[in-house]
Amino acid sequence: MVKIRQSPSQDVFNYFYNLSQEWGYNTFEFLPPVENNVEYPFVQIGEVGEVGEVPGNTKTELTGAITLTINCWGTYKQRLAISEMVERFFYASIGRVNTGNYSYYGQVQQQSKQIITDTSVPDTTFMRGIVMIKLQIQ
């Protein structure tokens with residue numbers, strides 16, 4: 001039986017998911033339902049459509065890039081906490097990232113971050129930090 005290696009996109013997802021938990025953040029793959037009464041702030045990593053892989057290869061190795069979106073959610077009064085969370089993820093994606101399965105490199109100009117006011121829930125204002133990461137497979 002052939003052993004299949006973990007895909008680079010899953011590898012990057014796992015790396016940032018575990019990093020988020022190591023930093024003590026409540027971390028989810030999806031937006032938790034309101035009835036779960038999740039405490040803010042929390043992190044949502046790589047929902048469907050927010051993890052991508054642009055593969056390439058040579059005769060001897062896998063190349064390409066992985067993209068990942070990380071969302072940091074908080075109440076309006078937690079703007080500073082959201083800003084700090086965004087900065088941590090942003091700087092964690094710059095330079096060499098080694099996961100044990102693959103090696104990646106993130107260039108500063110390929111990463112992006114923003115903080116927006118989200119009013120999609122009636123009578124509620126959230127702060128949402130968005131970090132878009134792009135890592136080159138080394």
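The values are calculated or read from the model by the stated rules, or taken from the named source; none is laboratory data. Predicted, not measured: the structure shown is a model, and the values here were computed from it. Neighbour counts run over all protein chains shown; Cβ positions are idealised from the backbone, glycine included. All accessible areas refer to the heavy atoms of the entire protein, side chains included, with ligands and DNA or RNA removed. Shrake-Rupley method; radii C 1.70, N 1.55, O 1.52, S 1.80 Å.
One table, with the values for the structure above:
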{"item": "Listed residues 128, 96 arranged by accessible area, highest first, probe 1.4 Å", "result": "96, 128"}
{"item": "Which labelled figure in (1) 43, 31, 30; (2) 51, 49, 27; (3) 56, 36, 25 is Cα extents along the principal axes in Å, once derived from the coordinates", "result": "(3)"}
{"item": "Residue (of 106, 38, 28) at the positive-pole extreme of the chain, dipole from beta-carbon charges", "result": "106"}
{"item": "Solvent-accessible ranking of 113, 77, largest area first, probe 1.4 Å", "result": "77, 113"}
{"item": "Residue 40 - accessible surface, heavy atoms, 1.4 Å probe, Å² rounded to 10", "result": "80 Å²"}
{"item": "Most mobile listed residue (70, 116, 94) in the chain, GNM with C-alpha springs under 10 Å", "result": "116"}
{"item": "Of all accessible heavy-atom area on the stretch 60-138, the percent that carbon and sulfur account for (1.4 Å)", "result": "49 percent"}
{"item": "Using alpha-carbon coordinates, inclination of helix 8-22 to the longest axis of the chain, degrees", "result": "40 degrees"}
{"item": "For residue 99, solvent-accessible area (1.4 Å; no DNA, RNA or ligand), Å²", "result": "40 Å²"}
